[in-house]
Amino acid sequence: MPIIRVKGLSYRYPGSSRTVLKNITLNIDEGEYVVITGPSGCGKTTLCRCFNGLIPHFYGGNLEGEIIVNGFPVKETSTSTLAQYVGMVFQEPESQLFLLSVEREVAFGLENLGLPREEIVKRVDEALKLVGISHLRDRAPHELSGGEQQKVALAACIAMQPKILVLDEPTANLDPISAVNILNLLQSLRNKLGVTIILVEHRLEAVASVADRFIVMNDGMIVSDGDPRDVLSSTNIEGLGVGVPKVIQLYKDLKRRNVIFNLVPLTPKEVKACLMEVLEFD
Ligand SMILES: Nc1ncnc2c1ncn2[C@@H]1O[C@H](COP(=O)(O)OP(=O)(O)OP(=O)(O)O)[C@@H](O)[C@H]1O
Ligand SMILES: [Mg+2]
């Protein structure tokens, strides 16, 4: 049973004649780790806004088709109800953080849910620990580095115990080490908590071997969807400016020269194994 079902979704922002999502049909299973990528302006953020109901409830506009999230039809469900199931982390963490301490920030959503105090304290402790920022609990979010702020935003989401985590380019403003840190964290959250992860990301090299599925969008449509090995090696995504990992480029170059690997490699280690096999080394 998919946790997200999208059928024939088309969308226009208010006052615009441009259809930015065009007849999208998509199912996402519970516990799946899905990476969405594609050129700037293709509609990735817009699609994410449909998962937590910001579209249509906040943005308005013209929405056609059906979006069902955890059994709730998004058009008829309030954003506050959807927020209990879908957590969202944005590209700029500062835009999500506004309180005076990390602890207050992580507790905020829980207080709004009206949870008992002991439960709030327990969830805040757990979320800070999971994300590895317990030592920052009394600090002011605005004094932290971008990577730390992004972790606070993530902890605030996790504390709500959402079934689905949507992250819209959470590493875009981070240095490479903080970015890898966040991506590793997502992987361990998926493994530990079984949350469904929908990640909009350009750093495909870093996520190719951990995601279950890649979705590539272009001009409001899905142009490729499936196993990362199939999607990244498919001709559908050529010329879109999608950052195809170097190991895949090598695989394609070798294939053109009739050096055929028995699998599409996603890591240098896999390239090595494939080469050893082709060259018949032991
Ligand atoms: N609030 C808005 N009102 C009107 N048009 C919008 C709004 N937000 C986005 N758009 C338009 O919708 C289209 C898709 O934008 P969207 O932000 O979803 O793309 P994206 O794939 O997330 O791009 P990027 O990689 O740059 O983040 C673009 O043409 C954009 O200008
Ligand atoms: Mg975007």
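The values are calculated or read from the model by the stated rules, or taken from the named source; none is laboratory data. These numbers were taken from a predicted model, which means no experiment stands behind them. Methodologically, a virtual Cβ is constructed for each residue, glycine included, from the backbone with ideal geometry; neighbour enumeration extends over all protein chains shown. Side chains included, ligands, DNA and RNA excluded: accessible areas come from the protein's heavy atoms. Shrake-Rupley method; radii C 1.70, N 1.55, O 1.52, S 1.80 Å.
For Lys7 and Glu280, a Förster radius of 35 Å and the Cβ-Cβ distance give a FRET efficiency of 0.10, rounded to the nearest 0.05.
Val131 contributes an accessible area of around 10 Å² to the protein surface, as traced by a 1.4 Å probe with all chains present.
For the chain, the gyration tensor built on C-alpha atoms gives an oblate shape. Its axis ratio a/c (a ≥ b ≥ c) is at least 1.5, and a/b is not larger than b/c.
Farthest towards the positive end of the charge dipole of the chain, among the residues Ile177, Asn52, Gln150, is the Cα of Asn52, using unit charges on the Cβ of Lys, Arg, Asp and Glu. Carbon-plus-sulfur accessible fraction, the stretch 1-143 (probe radius 1.4 Å, protein heavy atoms only): 49%. With Cβ to Cβ distances under 13 Å as the rule, what net charge do the other residues near Pro56 carry (K, R +1; D, E -1)? Around Pro56, the charge tally is 0. Each of the peptides 177-183, 200-206 was scored by the mean count of other Cβ atoms within 10 Å over its residues; in descending order, highest first, they stand as 200-206, 177-183.
Against the criterion of solvent-accessible heavy-atom surface with a 1.4 angstrom probe, Arg139, Arg229 sort, most first, into Arg139, Arg229. This model, with +1 at the C-beta of Lys and Arg and -1 at the C-beta of Asp and Glu, gives the chain a dipole about its Cα centre of some 380 debye.
Over the stretch 185-255, Cα pairs under 8 Å with separation of 6+ residues give a relative contact order of 24 percent. The figure for Asp230 is an accessible area of roughly 100 square angstrom, using a 1.4 Å probe on the protein chains alone.
The local environment of Ala83, defined by Cβ-Cβ distances under 14 Å, has a net charge of +1 under the rule Lys, Arg +1 and Asp, Glu -1. Once the C-beta distance of Val180 and Ser40 is scaled by a Förster radius of 22 Å, the resulting FRET efficiency is 0.45 to the nearest 0.05.
Ordered from highest to lowest accessible area with the whole protein assembly present and a 1.4 Å probe, Ile222, Ile24 read as Ile222, Ile24. Rolled with a 1.4 Å probe across the full set of protein chains, the surface gives Asp138 an accessible area near 120 Å². With bins 10 Å wide beginning at 0, the percent of Cα pairs of the stretch 94-161 falling in each bin runs 24, 60, 16, 0. For the stretch 94-161, the relative contact order works out to 49 percent when only alpha carbon pairs closer than 8 Å and six or more residues apart are counted. Protein heavy-atom accessible surface, 1.4 Å probe, per residue over the chain: 48 Å².
Measuring from label point to label point, each 7 Å out along Cα→Cβ, what is the Glu76 to Lys122 span in nm? So the two model labels end up 3.4 nm from each other.
Seen from Ser101, the other residues with C-beta closer than 9 Å to its C-beta sum to a net charge of 0, counting Lys and Arg as +1 and Asp and Glu as -1.
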